[in-house]
Structures are given as C-alpha cells and as structure tokens.
Amino acid sequence: MIGSNKKNFQFSIFNFQKSEGFTLIELIVAMAVFSTVITIVSSIFVRTVGSQRKNINQQEVLENARYVLEIMGRAIRQSSIQTANGTSDSLDITHPVKNLITYQLDNGQIKETSGGITDALTSPEVLVDGLSFIVQGNELSTKPRVTIVISLNNAQPSANANSIKLQTTITPRN
C-alpha cells in the first residue's frame, strides 16, 4: 500500500513538471490586448469627464442668464419705459419703488443702476458678449414692448463652452 502511494505521488510530480505554461509570445499578445482595452476605456472616461464639465459650465451660464432675465423682466413689468423706440445698448425704466433704473453692459457684466448704486446682475464666472434692448410702441397710443437680446459665455477660457444667445420680449403691465 505504501509503494502504490509512492507511485501516485511520483506520477503527479511528473505531470506537474510536464504541464505547459505560457510562451513569451502569448504573454506579449495578452499584454497588448489588455493595454489596448485599458487605453480605449480610459479615453472614453476622459472624453466623458470633459463633456460633463462642458455641460456643467453651460448650465451655469444658462442659469445665470435666466436669473438676469427674470430680474429685469420683473422690474420692466412693474415700470414704465423711458428709453425711446429703437435698438439701444441700455434701458431706462421708471420703477414704482426704485424710481429710475438703468440696465446696461459694462466690462462683460450686466449692471443695474438705481438711486446712484450700481449692482452687477451677472456672476463673475459669466462673460456677457452682447446686450441690446429693442423698444417698440413706446408711444401714448400703444402698449410698449421691450425685447432683450443677450449673448453669454463662460468667463473661464478653459471652459470650452459655446456662447449662449437668448431673447425675450416683455410688456409692462401699467
């Protein structure tokens, strides 16, 4: 019985020594396939992160533009228009509480001047490329309309975001 175990043990050692491993070519091919897959996956990841950053930057610019248009729209609806008919780069309105309010573009920011105090409506991360006001019907017989055309971009040059152009038309209630 001891002799038969010895033969089995020798037989298993013999099989272990005869088992085949990987050749150098097989290892190189496996490493090439693995590194190709890793390169593809990491490039997809990098593009996804870049795209996400661009979308977040555009979303911030769009949210800021909506905020500015909402602030100006609320004030215009409650006011009377002082700016003459036509296209202008600033808008003067008479507000029932704040009196004379002027909206204009100054150094890439939309600013509101009221009572001698000037406040920036846009955040420093947003660069306003263009702002124009189109006033129509500012006569006694018709109700005036103000069309606001605004073009914004992210202030960071590395943001790689497209310019956003928005337009809205607002009519005062009075």
Inset, instruction - Please specify each residue of region 128-155 satisfying the condition of being open to solvent by 10 Å² or more (accessible area, probe 1.4 Å), within 26 Å of Ile56 (Cα to Cα) and either touching a His at 6+ places or on another chain (Cβ under 8 Å) or in contact (Cβ under 8 Å) with a residue 60 or more places away in the chain (or both). - result: Asn153, Asn154
Legend entry - Positions within region 91-122 being of a type in the set (Lys, Arg) and either open to solvent by less than 20 Å² (accessible area, probe 1.4 Å) or part of a loop (DSSP other than H, G, I, E, B) (or both), in sequence order: Lys98
Legend entry - Residue within region 39-47 that is open to solvent by less than 70 Å² (accessible area, probe 1.4 Å), outside any strand (DSSP E or B) and among the hydrophobic types (A, V, I, L, M, F, W, C) present: no
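The values are calculated or read from the model by the stated rules, or taken from the named source; none is laboratory data. These figures come from a predicted structure and were not determined experimentally. For neighbour counting, all protein chains shown are included, and Cβ atoms are generated from backbone atoms with ideal geometry for every residue, glycine included. For the accessible areas, the whole protein counts, side chains as well, though only heavy atoms, and no ligand, DNA or RNA atoms are used. Shrake-Rupley method; radii C 1.70, N 1.55, O 1.52, S 1.80 Å.
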